[in-house]
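Please read the structure below before turning to the comments.
The values are calculated or read from the model by the stated rules, or taken from the named source; none is laboratory data. Please read these numbers as outputs of a predicted model, since none were measured by experiment. FYI the Cβ positions are ideal-geometry reconstructions off the backbone, even for glycines, and counts take in every protein chain you see.
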Amino acid sequence: MQNKQAVLEDGQAAHVTDTHDWDNFVDDDIMQQKSAIHAEEAKKIPFLGDKEPISSLAAEYQSGSPILLEKIKVLDEQYAAIRRTRGDGNCFFRGFMFSYLEHILVSQDQAEVDRIQANIEKSRNALQSLGYADLTFEDFFALFIEQLEGVVQGKEGSISHEELVSRCRDPSVSDYVVMFFRFVTSAEIQKRSVFFEPFIMGLTNTTVEQFCKSSVEPMGEESDHVQITALSDALGVPIRVVYLDRSSCDNGGVSVNHHDFMPTASDLPNASVSAEKNNPFITLLYRPGHYDILYPK
Amino acid sequence: MQASRARLFKEYKEVQREKSADPDIQLVCDDSNIFKWTALIKGPSETPFEGGVFQLAFSVPEQYPLQPPQVRFLTKIFHPNVHFKTGEICLDILKNAWSPAWTLQSVCRAIIALMAHPEPDSPLNCDSGNLLRSGDVRGYQSMARMYTRLAAMPKKG
């Protein structure tokens, strides 16, 4: 009897909403609106900007916090230039992509290329043993390896610096490489889930697998220290992150903090730094919610 | 475009190879268009959809697999997360939680799991969602079973 009553009441209540316009407003419309907004944003800044002087940062904060302006002056003393990335949630991976490939293009460090390729194969094996079907990730792996081999000069498929910039701005390359890094990051986190679990619990209160499915693998999901640690460890590439925020020092002076993500050497004999004195060759500028590329002097 | 075609072709070959591995899912590619697929999925057992066969339509975007396929029910279904008129499905992996780690086949599996585990707190079908939210499991099941019989089972006689 009670059940029947509930059906009736709900039936009536729902009848009102049934005739409403919302009925025709489906999720697809929302998705389309979202991608239209993204396309609009895309016109303002490419995936990857041109090199700009550090002073161009100051222009953004002219009417802002004096602490930030002071810190930008300090940055200007230490760094030669900034290259911006689009704030689409993929900025960390995109910054890493360009910084890494540009480093190889300039240094022509064949030993480093061989080293990272060995780590890439380890990531491939990790994904396979986690149960990922090859067809889901192999295209992304192949595309990154193609770019990596491309920046090594003197071969048929070698590319110039100009071509590297344009590829990193081309979604059909850039997005695929971002996705490659997302797979590598996800594999590393799941492979070492015992290590990463406490950090992930602190962030989201989900399981490691859930975290990877919802916050690592989907495009546009922002990266935090968990993802950076995992990518740096998986590929054996140290990363320096310079922090530009409003925090000030106790002694009243202004300094700019940085943190070096160093691949854990014990787990990864293949890491590209054997001695800690080695400076990371990738430097990213972090402002809350966003990463750009920095060039040291 | 080229990349999505290549990926879909790999999935097509995989589907052919694994045909017997998943008897609850029959995924078919359109003869002339690799971006259009349909699937027949079996309603999971011990649910009001048991015994029914439901047809899904897939429309795959050119940016696949970076963007998710659009999937909807062609068979009428009474379920909190499926739009009663359009067949649109509310499932996170078809929206913001999509990643290329999914395939058309695994999307079908996720939809079967959704049929067995409705999420009434994010309803596309409010009538159905309200029944579950008010604790009227029996009402929900009888409505869902009725539509399964009406729309998802072969007509008798």
Checklist outcome for this item: Over the range B:116-151, the set of residues farther than 15 Å from residue B:90 by Cβ and not in a helix (DSSP H, G or I) is B:134, B:135, B:136
Checklist entry - Which one of A:99, A:129 is more than 23 Å from residue A:294 (Cα to Cα), hydroxyl-bearing (Ser, Thr, Tyr) and out of contact with any Cys (no Cβ under 9 Å at 6 or more places or on another chain)? => result A:129
Next on the checklist: Can you find, within the range A:161-174, the residue that is farthest from the other protein chains (Cβ to nearest Cβ) among those that are within 25 Å of residue A:230 (Cβ to Cβ) and surrounded by fewer than 21 Cβ atoms within 10 Å (Cβ to Cβ)?
Outcome noted: A:173
Next on the checklist: So, residue B:126, is that one under 28 Å from residue B:35 (Cα atoms), without any contact (Cβ under 8 Å) to a residue 60 or more places away in the chain and facing chain A (nearest Cβ under 9 Å) or not?
Outcome noted: no
Checklist entry - If you take the residues of the range B:22-35 that are surrounded by 14 or more Cβ atoms within 10 Å (Cβ to Cβ) and of a type outside the set (A, V, I, L, M, F, W, C), which of them is nearest to the other protein chains (Cβ to nearest Cβ)? => result B:22
Item to check | All positions within the range B:1-59 that are closer than 28 Å to residue B:116 by Cβ and among the hydroxyl-bearing types (Ser, Thr, Tyr) | outcome: B:12, B:20, B:38, B:45, B:47, B:59
Checklist entry - Does residue B:136 satisfy the condition of being facing another protein chain (nearest Cβ under 8 Å), over 25 Å from residue A:222 (Cβ atoms) and either in contact with a Phe, Trp or Tyr (Cβ under 9 Å, 6 or more places away or on another chain) or charged (D, E, K, R) (or both)? => result yes
Item to check | Those residues of the range B:1-21 which are surrounded by 16 or more Cβ atoms within 10 Å (Cβ to Cβ) and either in contact (Cβ under 8 Å) with a residue 24 or more places away in the chain or within 26 Å of residue B:154 (Cβ to Cβ) (or both), in sequence order | outcome: B:4, B:7, B:8, B:11, B:14, B:15
Checklist entry - If you check A:216, A:177, which single one turns out to be within 13 Å of the chain's Cα centre (by Cα), surrounded by 21 or more Cβ atoms within 10 Å (Cβ to Cβ) and more than 11 Å from chain B (Cβ to nearest Cβ)? => result A:177
Checklist outcome for this item: Note on residue B:57: of the conditions (1) surrounded by 14 or more Cβ atoms within 10 Å (Cβ to Cβ); (2) over 30 Å from residue A:220 (Cβ atoms); (3) touching a Gly at 6+ places or on another chain (Cβ under 9 Å); (4) not aromatic (Phe, Trp, Tyr), unmet is (2)
Item to check | Check on residue A:193, over 27 Å from residue A:135 (Cβ atoms), out of contact with any strand residue (DSSP E or B) (no Cβ under 7 Å at 6 or more places or on another chain) and of a type in the set (Gly, Ala, Ser) | outcome: no
Item to check | The one condition in (1) exposed (fewer than 14 other Cβ atoms within 10 Å of the Cβ); (2) part of a helix (DSSP H, G or I) that residue A:76 fails to fulfil | outcome: (1)
Checklist outcome for this item: The correct count of residues that are out of contact with any strand residue (DSSP E or B) (no Cβ under 6 Å at 6 or more places or on another chain) and surrounded by 19 or more Cβ atoms within 10 Å (Cβ to Cβ) in the range A:79-89 is 1
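One line per residue, one yes/no per condition, for (1) without any contact (Cβ under 8 Å) to a residue 40 or more places away in the chain; (2) surrounded by 20 or more Cβ atoms within 10 Å (Cβ to Cβ); (3) within 11 Å of another protein chain (Cβ to nearest Cβ):
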position: B:64; (1), (2), (3): no, yes, no
position: B:68; (1), (2), (3): yes, yes, yes
position: B:72; (1), (2), (3): yes, no, yes
position: B:95; (1), (2), (3): yes, no, yes
position: B:119; (1), (2), (3): yes, no, no
position: B:130; (1), (2), (3): yes, yes, yes
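Conditions (1) surrounded by fewer than 18 Cβ atoms within 10 Å (Cβ to Cβ); (2) within 12 Å of another protein chain (Cβ to nearest Cβ); (3) modelled with pLDDT under 95; (4) closer than 14 Å to residue A:186 by Cβ, marked per residue:
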| residue | (1), (2), (3), (4) |
| --- | --- |
| A:91 | no, no, no, no |
| A:96 | no, no, no, no |
| A:100 | no, no, no, no |
| A:106 | yes, no, no, no |
| A:113 | yes, no, no, no |
| A:119 | no, no, no, no |
| A:129 | yes, no, no, yes |
| A:140 | no, yes, no, yes |
Checklist entry - Do you know which residues across the range B:97-117 are touching a residue at least 60 places away in the same chain (Cβ under 8 Å) and among the polar types (S, T, N, Q)? => result B:103, B:105
Checklist entry - If we keep just the residues of the range B:74-83 that are assigned to a loop (DSSP other than H, G, I, E, B) and in contact with a Cys (Cβ under 9 Å, 6 or more places away or on another chain), which is surrounded by the fewest Cβ atoms within 10 Å (Cβ to Cβ)? => result B:83
Next on the checklist: Is it the case, given these coordinates, that residue B:38 is of a type in the set (Val, Ile, Thr), surrounded by fewer than 21 Cβ atoms within 10 Å (Cβ to Cβ) and in a strand (DSSP E or B)?
Outcome noted: yes
Next on the checklist: Looking only at the range B:9-18, filter to residues that are assigned to a helix (DSSP H, G or I) and over 10 Å from residue A:135 (Cβ atoms); which one of those is farthest from the other protein chains (Cβ to nearest Cβ)?
Outcome noted: B:16
